[in-house]
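S.K.: Below is a structure I'd like to ask you about.
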Amino acid sequence: DAALTVGATGEGGQAASFSSRGPVEAGDNRLKPDLAAPGVDVRSAVPGGYASLPGTSMAGPHVAGAVALLWSADPALVGDLDRTEQTLLETARPLTVDAVCVIGEVEPGLVCGCGGDDPATVPNNVYGWGLLDTWAAVERVRAGR
């Protein structure tokens, strides 16, 4: 629960097939991931140049960058992890799943709910509170909220 987790999305905001889904199976059925961010075909520096790479390891840096921008916009937030996380979650663009799916009967391209998610549930176990919206988060802290 102490870690902010990030799911990966593709160009259209749809969950990547490789992005882990919740809930946490440690007996408490906690929601995970907390947020979603771009994680498919992300341009990244690699030895000898650049490449377009997939992974939640591509989505995580989007959140780290958002935190850096938030802390730059409001230095009072530096080190205030609870308020920083709350701002990111509350300003995320809500994303919902397409359907409640039955294993083995999933249509290609359909994003299915997990752990009791239905198409109207936010937060959910695929996107968390939604797609990271750095602009909205920075605007919120600049407005003093």
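S.K.: Just to confirm my numbers, what's the Cα centroid distance between region 11-41 and region 114-136 in Å?
M.R.: Region 11-41 and region 114-136 have Cα centres separated by 9 Å.
S.K.: Based on the mean of other beta carbon atoms within 10 Å per residue, what is the order of 107-118, 52-63, most packed first? Please report the intermediate quantities before stating the final value.
M.R.: On the way: 107-118: 14.9, 52-63: 17.2.
Final packing ranking: 52-63, 107-118.
S.K.: Among the GluC sites (Glu not before Pro) within region 1-91, which fall in a DSSP loop and have no more than 14 other Cβ atoms within 10 Å of their own Cβ?
M.R.: Values: sites: E11, E25, E85, E90; in loops: E11, E25.
Those that pass, being in a loop and sparsely packed, are E11, E25.
S.K.: Using a Förster distance of 25 angstrom, determine the FRET efficiency expected from the C-beta separation of A143 and R93, and round it to 0.05.
M.R.: The calculated FRET efficiency here is 0.90.
S.K.: Here's a follow-up. Of the accessible area of the chain, with the probe set at 1.4 angstrom, what percent is carbon plus sulfur?
M.R.: 54
S.K.: Which residue, S20, G144, S57, has the largest displacement toward the positive end of the dipole of the chain when charges sit on each Cβ (Lys, Arg +1; Asp, Glu -1)?
M.R.: Final value for the positive-end residue is G144.
S.K.: Between rounded, prolate and oblate, where does region 24-73 land on the alpha carbon gyration tensor, with a ≥ b ≥ c its root eigenvalues, rounded for a/c under 1.5, else prolate if a/b exceeds b/c?
M.R.: Judged from the Cα gyration tensor, region 24-73 comes out oblate (a/c at least 1.5, b/c at or above a/b).
S.K.: With no solvent and one point per C-alpha, what does the Debye sum give as log10 I(q)/I(0) for the chain at q = 0.16, 0.17, 0.21 Å⁻¹?
M.R.: With one equal scatterer per Cα and no solvent, log10 I(q)/I(0) is -0.86, -0.95, -1.26.
S.K.: Shape call for region 69-145 from the C-alpha gyration tensor, a ≥ b ≥ c root eigenvalues: rounded (a/c under 1.5), prolate (a/b greater than b/c) or oblate?
M.R.: Verdict is prolate for region 69-145.
S.K.: So for the pair A3, E25, with labels modelled 7 Å out along Cα→Cβ, what separation do we get in nm?
M.R.: 1.6
The values are calculated or read from the model by the stated rules, or taken from the named source; none is laboratory data. Quick caveat, the model's predicted, so the values are computed rather than measured. Note: ideal-geometry Cβ built from the backbone for every residue, glycine included; neighbour counts use all protein chains shown. Accessible surface areas use protein heavy atoms only, side chains included; no ligands, DNA or RNA. Shrake-Rupley method; radii C 1.70, N 1.55, O 1.52, S 1.80 Å.
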